[in-house]
Amino acid sequence: QVQLVESGGGLVQAGGSVRLSCAASGTIFSINDMGWYRQAAGKQREFVAGITSDGITNYADSVKGRFTISRDNARNTVFLQGNSLKPEDTAVYYCNANSVVTKTYRYLELWGQGTPVTVST
């Protein structure tokens, strides 16, 4: 079974930075798109950033200029660097991967368990 495992979340002061990582476990031949979503308390899950297998990126307007998504295809890992954090960035951040191909199966979509980020005032 392939799993996405996030790490790097925690408590950060406003104006600070955070670096989230998400690694896909298991033997994997390829992954298409990867991305990050977040869900704040009492709100819907929302898109944060995405990156294609060729490195094309896309960001939500709320994080443009502050967040950067990147990936290491050799390690099947995606990163999210967040700078100039605001209290409204507080949420559980979830990793997402599409079209994950292993020797025996093609996963259309996978989600991580989530890593919480809290930005203090």
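Some points to look at:
- Flag for Lys43 being part of a loop (DSSP other than H, G, I, E, B) and modelled with pLDDT of 95 or more: yes
- Neighbours by Cβ (under 6 Å, 6+ apart or cross-chain): first from the stretch 86-107, closer than 30 Å to Thr121 by Cβ; second among the β-branched types (Val, Ile, Thr) and surrounded by 14 or more Cβ atoms within 10 Å (Cβ to Cβ): Pro87/Val119; Asp89/Val119; Thr90/Thr118; Thr90/Val119; Tyr93/Thr115; Tyr93/Val117
- In the stretch 50-81, the residue that is surrounded by the fewest Cβ atoms within 10 Å (Cβ to Cβ) out of those that are free of Cβ contacts under 8 Å to residues at least 40 places away in the same chain, farther than 18 Å from Gln39 by Cα and hydrophobic (A, V, I, L, M, F, W, C) is Ala74.
- Restricting the stretch 72-96 to residues that are charged (D, E, K, R) and not in a helix (DSSP H, G or I), the residue that is nearest to Asn58 (Cα to Cα): Asp72
- In summary, Arg45 fulfils each of the numbered conditions (1) among the basic types (Lys, Arg); (2) over 13 Å from the mean Cα position of the chain (by Cα); (3) farther than 13 Å from Ser21 by Cα with the single exception of condition (2).
- Hits in the stretch 82-93 (condition: within 16 Å of the chain's Cα centre (by Cα) and open to solvent by 40 Å² or more (accessible area, probe 1.4 Å)): Asn83, Thr90, Val92
- Selection count, the stretch 95-112, where residues are open to solvent by 40 Å² or more (accessible area, probe 1.4 Å) and touching a Phe, Trp or Tyr at 6+ places or on another chain (Cβ under 8 Å): 3
- Residues being of a type in the set (S, T, N, Q) and part of a strand (DSSP E or B) - total across the stretch 1-40: 5
- Considering Leu20, Leu11, Leu4, the condition of being in contact (Cβ under 8 Å) with a residue 24 or more places away in the chain, surrounded by fewer than 13 Cβ atoms within 10 Å (Cβ to Cβ) and among the aliphatic types (A, V, I, L, M) is satisfied by Leu11 alone.
- The sole residue among Ser99, Ser53, Ser62 that is outside any loop (DSSP other than H, G, I, E, B) and either of a type in the set (Gly, Ala, Ser) or within 14 Å of Val119 (Cβ to Cβ) (or both) is Ser99.
The values are calculated or read from the model by the stated rules, or taken from the named source; none is laboratory data. Because the structure is predicted, anything quoted here is derived from the model rather than measured. Here Cβ is always computed from backbone atoms with ideal geometry, including for glycine, and neighbour counts include all displayed protein chains. We work out accessible area using only protein heavy atoms, side chains counted, and drop any ligands, DNA or RNA first. Shrake-Rupley method; radii C 1.70, N 1.55, O 1.52, S 1.80 Å.
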